[in-house]
Each structure stands twice: as C-alpha cells, then as structure tokens.
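Before any comments, here is the structure.
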Amino acid sequence: MSEAYERERQNNARLDDLAGKVTSIRDFTINIYNQASDQRLIDDNNDTFANMSNSVKNTAGRLTRMAKNTSNIQIFKLSGMIVAGVIVLWMIWGWFV
C-alpha cells in the first residue's frame, strides 16, 4: 500500500514538473510571437517613412522644375500662399493648445 502511495507521489511530482516545462515553453512561444509582431510593425514603419521620403523628394523636384519654368511673379505668389498657409495652420494650432 505504501509503495503505491510513493509511486503516486512521484507521478504527481513528475506531472507538476512537466506542467511547469509546458508553461515555460508556452510563455517562450508567446514572447517569440510578440517579438515577431513588433519587428513587423517596425518594418512597416520603415517602409512608410521610405515612401514618405520619396514623396518629399519628388515634390521638391517638381517644385524646382516649376520654379525654373515660371516667372518671378508666380514664384512670389506661390511663396505667399505657402507662408499664408503656415500662418493659418499656426493660428488654428494656437486655438487648440
């Protein structure tokens, strides 16, 4: 009778040990998944910034071409519109802050 009790105790100890290992593996797997998700988010952000950089370069190139092909009066008009736009945005931002 005590031999059966001892085997049952050993089995329970081994079962608890195995449950702890399974929990460790599960936590490790969840951490790997979270790290992969974070890395994918970082890669997506890098792609977004690269696309934005290309857009800014293209826009600057178009503005340069336009400035070379237009008269000084049109350049002053464009500059005035940009300055006015910045001032309006600054005023709107001041109302919300």
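Every read-out reported here was derived from the displayed coordinates using simple, explicitly stated rules and does not represent laboratory data. Since the model is a prediction, treat every value here as computed from it, not as a measurement. Cβ placement follows ideal geometry from the backbone for every residue including glycine, while neighbour counts extend to all protein chains displayed.
Ranking M81, Q10, N58 by how far each Cα lies toward the positive end of the dipole of the chain (charges on Cβ) leaves M81 at the top. About its Cα centre, the dipole of the chain is roughly 1060 debye, where the only charges are +1 on Lys and Arg Cβ and -1 on Asp and Glu Cβ.
The sum of -39500 (n - 2.57) across all DSSP H runs of n ≥ 4, divided by the residue count of the chain, sets its helix-only mean residue ellipticity at 222 nm to -36000 deg cm²/dmol.
Working from label points 7 Å from Cα in the Cα-to-Cβ sense, the T23 to L89 distance is 5.4 nm. In the chain, taking the dipole from charged Cβ atoms about the Cα centre, the farthest positive-side position among N72, F96, Q39 is held by N72. Derived value for the chain: Kirkwood hydrodynamic radius 20.6 Å. Basis is the mean of 1/r over every pair of different alpha-carbon atoms. One chain, two ends: T59 and Y33. Fully extended at 0.36 nm per residue, the span grows by 5.5 nm beyond their Cα-Cα distance.
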